[in-house]
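To keep things clear, I will list the structure first and then write my remarks on it.
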């Protein structure tokens with residue numbers, strides 16, 4: 001009888017870990033099920049976010065010449081301010097302010113072989129070839145033509161140049177402008193004169 005009791009207790013001790021393990025498994029499965037229900041909620045799965053501000057919408061290039069309602073002397077001052085703000089120097093020797101013509105010194109907007117090609121391709125049409133472009137610059141010629149006492153046309157022409165090399169030497173080459181340099185300056189001038197930027201505002205972030 002004593003040996004029978006010992007055997008019974010031994011079997012009971014062996015069975016305890018099995019029942020305990022089964023209890024842990026059941027609890028683990030319940031935790032997993034609850035987690036899956038939380039993750040698979042429709043609101044969480046279909047919600048989307050837009051981080052930061054939206055992308056700026058593009059616009060057509062401004063008319064060139066561009067008509068502005070301002071006296072010529074006021075426009076010339078605004079042109080000088082716009083150039084100064086963009087760190088572009090006026091070529092005093094080539095300019096004729098009395099005739100409404102301002103010419104700038106060459107403005108270097110790209111340096112180095114890594115960035116010059118991509119920047120230059122935005123401001124000018126680059127011909128096919130194996131030239132290595134190391135610098136890029138443009139010169140602006142701005143003319144104010146009077147329509148009447150309070151209206152003037154402002155025209156902008158850009159001479160875009162790239163410094164190209166072929167291993168034996170390098171030289172400045174004049175390229176056909178894409179119109180971007182002219183448009184950027186006109187947009188800045190319109191903002192200074194009218195107080196409103198022609199560039200569209202950025203999209204509001206989505207909630």
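How high is the relative contact order of region 66-194, in percent, counting Cα pairs under 8 Å that sit 6 or more residues apart?
The normalised contact order for region 66-194 reaches 27 percent.
May I ask you to compute the full-extension gain from residue 172 to residue 194, defined as 0.36 nm times their residue separation minus their alpha-carbon distance, rounded to one decimal in nm?
Full extension of this stretch gives 4.2 nm more.
Tell me the label-point distance for the pair residue 147, residue 122, using the 7 Å Cα-to-Cβ offset, in nm and rounded to one decimal.
Rounded to a tenth, the inter-label distance reads 3.1 nm.
Using alpha carbon centroids, what distance separates region 162-204 and region 98-124, in Å?
Measuring centre to centre over Cα atoms gives 7 Å.
Between residue 69 and residue 84, 0.36 nm times their residue separation minus their Cα-Cα distance comes to what?
Between residue 69 and residue 84, full extension yields an extra 3.2 nm.
Based only on other Cβ atoms within 10 Å, what is the fewest-to-most ordering of 79, 101?
101, 79
Please list 114-125, 149-160 highest first by mean number of surrounding beta-carbon atoms within 10 Å per residue.
149-160, 114-125
Every read-out reported here was derived from the displayed coordinates using simple, explicitly stated rules and does not represent laboratory data. Computed from a predicted model, the values in this text were never measured in an experiment. Using ideal geometry, Cβ is built from the backbone for each residue, glycine included, and neighbour counts are taken over all protein chains shown.
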